[in-house]
Amino acid sequence: METLEQIKSRLEAAIPGLGLEIQCNGAVPGQASLVVPPARAIEAARFLRDDPRLALDYCSNVSGVDWLDRVVEEHARVTRVIDGRERVFDECRERRVPGYLEAVYHLYSMRLKHGPVILRQRTVNRVDQARVTSLTPVWRSAEFQEREAYDLFGIVFEGHPDLRRILMWDEFRDYPMRKDYVEPDDYEYEPTPHDDLKEKARRHYPIEADA
Amino acid sequence: MDEGLRSELSRQGIFATTIQDLYNWGCRNSIWPLNFGLACCAIEMIAASMARFDIARFGAEVFRPSPRQADLMIVAGTVTKKMAPQVVRLYNQMPEPKYVIAMGACAISGGPFKRGYNVLKGIDRYVPVDVHIPGCPPCPEALLHGLIALQKEIASQKLTGPSRARAFQEEAPGEFPVPEYGPYDLVPAKNTDLWRPKPIIRDE
Ligand code: SF4
């Protein structure tokens, strides 16, 4: 199979102005992935599926990833004039990077027996613009898995034929796999409570002294 | 009737019994379970019903596909919150006398999924349970043991008097409220008339 760089350049040649990005992976398997802008994800997906050299005809897995807001520290050297003399300071600035959600697709080719190529789509943020483009029109097997990512992460897949919750009940109002999800307080006893469970155990079973 | 007199009579070829004994004998030897399984524990329940363990030896082999014909609900497996209302509804549809076995850690307390957001932490929050069988999963022998424990309980139940079995108490409820799907959890999260765990005092 071609390398991800080759795929990227061919994709960009085929679809002008696509704006791809390669996301490296520092973990041991080192599987890099292609980040596609949601607005043109369908075109890119069609290319990956129909191109005779790639023929990625099988989408084996769709998953969601939740990236929280994070604070990045940036170190910079600045020169300031103090009392008429120039002095160099080390300055540390904090920058807030807003969180976003990701839909990750694992693509294989049944025909050419290669893969995976990993495709990612990113939402703008985690709150009101958690939208990406559904790739179900390209790979039918994505239908239930996109519903699952919608159910558990709250990623809205535009163009999905039937976007409903699939595991939780329809009346459910939260997204349980998000990192800031707060689970309901629905059990009392914990034999070996620790950390935050200890707090919970204390609420249910106060020690006589603090009761 | 006096036990000595009864055995003396039976030696003479006269069989004496009471309505209560006859009723309980019939009841405990034909416990028809409801035919449903919820997770991995159901596999062990199925194994218990097959030739090797043969639950038929205890008269409980007729797994009924309809709650209207079943006496026993074996809650075999993880009860998810999405499934819990259906389990309660099935229980409500069973005719009296009816019994419930909570099979496995999941049905008792949520088991390995206890910290999960989507698992009910024990079916006894919504329906009364007669026998709890611990294990993950309990082996088929354990299910048979639980069944025998239930048979013993049935054998000793009374048909009349203040301590009579639940099925014969007119005022005892035979149906329990079915929980609704709420925005974050089931509503109510437990039936407080039924689920009254003993207060536990932590000692540290
Ligand atoms: S108790 Fe264990 S074996 Fe039984 S349903 Fe739960 S996880 Fe499965």
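The values are calculated or read from the model by the stated rules, or taken from the named source; none is laboratory data. In this text, all values refer to a predicted model and were calculated from it rather than measured experimentally. Cβ: placed from backbone, ideal geometry, glycine included. Neighbour counts: every protein chain shown.
In table form, for the structure just shown:
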{"quantity": "Residue satisfying all of: in region A:52-109; over 30 Å from A:Ser141 (Cβ atoms) and among the β-branched types (Val, Ile, Thr); farthest from the chain's Cα centre (by Cα) among these", "calculated": "A:Ile82"}
{"quantity": "Extreme residue, nearest to A:Ala130 (Cα to Cα), among residues of region A:145-181 that are of a type in the set (Phe, Trp, Tyr) and facing chain B (nearest Cβ under 7 Å)", "calculated": "A:Phe172"}
{"quantity": "Flag for B:Val87 being within 16 Å of the ligand (Cβ to nearest atom) and under 22 Å from B:Pro138 (Cβ atoms)", "calculated": "yes"}
{"quantity": "Single residue of region B:148-204 satisfying the filter (of a type in the set (Phe, Trp, Tyr) and away from chain A (no Cβ under 11 Å)) that is nearest to the chain's Cα centre (by Cα)", "calculated": "B:Phe176"}
{"quantity": "Unique residue being in a loop (DSSP other than H, G, I, E, B) and not polar (S, T, N, Q) when the list is A:Glu188, A:Glu146", "calculated": "A:Glu188"}
{"quantity": "Spans of strands (runs of 3 or more DSSP E) in region A:54-109 with at least 3 residues modelled with pLDDT under 85", "calculated": "A:70-82, A:85-97"}
{"quantity": "Output for region B:59-80, where each listed residue is hydroxyl-bearing (Ser, Thr, Tyr) and closer than 12 Å to B:Ala42 by Cα", "calculated": "B:Thr78"}
{"quantity": "Per-region count, region B:120-137, residues touching a strand residue (DSSP E or B) at 6+ places or on another chain (Cβ under 6 Å) and either under 22 Å from A:Leu167 (Cβ atoms) or within 11 Å of the ligand (Cβ to nearest atom) (or both)", "calculated": "2"}
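Matching residues to (1) at positive phi; (2) within 14 Å of the ligand (Cβ to nearest atom); (3) within 14 Å of another protein chain (Cβ to nearest Cβ):
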site: B:Leu34; (1), (2), (3): no, no, no
site: B:Ala42; (1), (2), (3): no, yes, no
site: B:Phe53; (1), (2), (3): no, no, no
site: B:Ala60; (1), (2), (3): no, no, no
site: B:Gly111; (1), (2), (3): yes, yes, yes
